[in-house]
Amino acid sequence: QVQLVESGGGLVQAGGSLRLSCAASGLTFSNYAMGWFRQAPGKEREFVAAINWSGANTHYADSVKGRFTISRDNAKNTVYLQMNSLKPEDTAVYCCAAARTAWATRISLNYDYWGQGTQVTVSS
């Protein structure tokens, strides 16, 4: 079956960095656009970043633009989220997702598979 497994979350001070990874299995990875979403307690899930099948095109939420970078390695079936200059408001559970669209998409309904999430906590 299809499985997406995130790793790399943890506790970091404001201004610090974390790199999240999402390893995919059970699918032809290069046929899927990939995305990252996050959700804090009491808040709705929000889009963070997306990348197309090849990695040539990316989209970012305005709140993370210039601080976060999404990338993918199709040979390793893995998508990454490099997070720099972290702020307390970045604290959330971060989930990766796969969409059978090839093009990068920020619309959650376009995603077919979701990971379990990894906790990111940024202290002030």
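The values are calculated or read from the model by the stated rules, or taken from the named source; none is laboratory data. Predicted, not measured: the structure shown is a model, and the values here were computed from it. Don't worry about glycine lacking a Cβ; one is built from the backbone with ideal geometry, like all the others, and counts go over all protein chains shown. The protein model used for the area step is the full one, side chains on, heavy atoms only, and it has no ligands, DNA or RNA in it. Shrake-Rupley method; radii C 1.70, N 1.55, O 1.52, S 1.80 Å.
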For W103, state whether it is under 12 Å from the mean Cα position of the chain (by Cα) and among the hydrophobic types (A, V, I, L, M, F, W, C).
-> no
Pairs only if they're at least six apart or on different chains, beta carbon under 6 angstrom, first in the stretch 93-115 and more than 19 Å from R19 (Cα to Cα), second hydrophobic (A, V, I, L, M, F, W, C) and open to solvent by 60 Å² or more (accessible area, probe 1.4 Å); list them, first residue then second.
-> A102/W53
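From V120, V48, V79, which residue is open to solvent by less than 30 Å² (accessible area, probe 1.4 Å), in contact (Cβ under 8 Å) with a residue 24 or more places away in the chain, under 27 Å from A14 (Cα atoms) and in contact with a helix residue (DSSP H, G or I) (Cβ under 7 Å, 6 or more places away or on another chain)?
Values: V48 fails: in contact with a helix residue (DSSP H, G or I) (Cβ under 7 Å, 6 or more places away or on another chain); V79 fails: in contact with a helix residue (DSSP H, G or I) (Cβ under 7 Å, 6 or more places away or on another chain).
Answer to the check: V120.
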Can you find even one residue in the stretch 55-74 that is basic (K, R), open to solvent by less than 60 Å² (accessible area, probe 1.4 Å) and not in a strand (DSSP E or B)?
-> yes
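Hey, can you tell me all the residues within the stretch 19-43 that are buried (at least 20 other Cβ atoms within 10 Å of the Cβ) and in a strand (DSSP E or B)? If you could, list the steps in order and put the result at the bottom.
Residues of the stretch 19-43 that are buried (at least 20 other Cβ atoms within 10 Å of the Cβ), as a first pass: 20, 22, 24, 29, 32-38.
Correct list: L20, C22, A24, A33, M34, G35, W36, F37, R38.
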